[in-house]
Amino acid sequence: MGKEEEGCKYAYSYHQIVTLVEVGHSQVWSLCESSKKDIIELSKCLKVGHSLTYLNLESNSIGDSGCQIICEVLKSNRVLKVLGLKNNKIKKVGAKALSGVLEENSTLVCLDLDDNTIG
């Protein structure tokens, strides 16, 4: 279902991500080389994914717009505990969106924002 490339697993489609989540193989999931389309598909998965507890999006250059897409879903997601957003070109707008998530979501207990230009 997924492909191993340089130590990072990623799924090829929304259907594959949902399948992984549904069968419980995706409690830890990483995405490499994401595009805006990938982020939108991932956000769909987060809406229905009932077992995804750790998501590492490190070094995907999702920027503020990608961060905002993910944040909209995370406001209602009550499963994800750890989100890695290290080195993603997130700036003030993305940080503000994340602060909104943290106000509404008490399940997310670890958020890695290292190597972003916030502030």
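The values are calculated or read from the model by the stated rules, or taken from the named source; none is laboratory data. Everything numeric in this text was worked out from a predicted model, so none of it was measured. Note that each Cβ is placed from the backbone with ideal geometry, even for glycine, and that neighbours are counted across all protein chains shown.
A few notes on this one:
- In region 103-119, the residues that are small (Gly, Ala, Ser) reach residues that are surrounded by 10 or more Cβ atoms within 10 Å (Cβ to Cβ) with C-beta atoms within less than 8 angstrom, at least six apart or across chains, in these pairs: Gly119/Lys92; Gly119/Ala95.
- Residue in region 71-103 that is farthest from Glu41 (Cα to Cα), counting only those that are loosely packed, with under 13 Cβ neighbours inside 10 Å and modelled with pLDDT under 95: Glu103
- Residues within region 36-45 that are touching a Ser or Thr at 6+ places or on another chain (Cβ under 9 Å) and under 12 Å from Leu74 (Cα atoms), tallied: 2
- Of the residues making up region 73-96, those that are farther than 21 Å from Thr53 by Cβ and of a type in the set (A, V, I, L, M) number 3.
- Cβ-Cβ distances below 6 Å connect the following pairs, each with a first residue in region 72-90 that is assigned to a strand (DSSP E or B), a second residue that is surrounded by fewer than 20 Cβ atoms within 10 Å (Cβ to Cβ) and not aliphatic (A, V, I, L, M), and a separation of six or more residues or different chains: Val82/Tyr54; Val82/Cys110; Gly84/Asn56; Gly84/Glu58; Gly84/Asp112.
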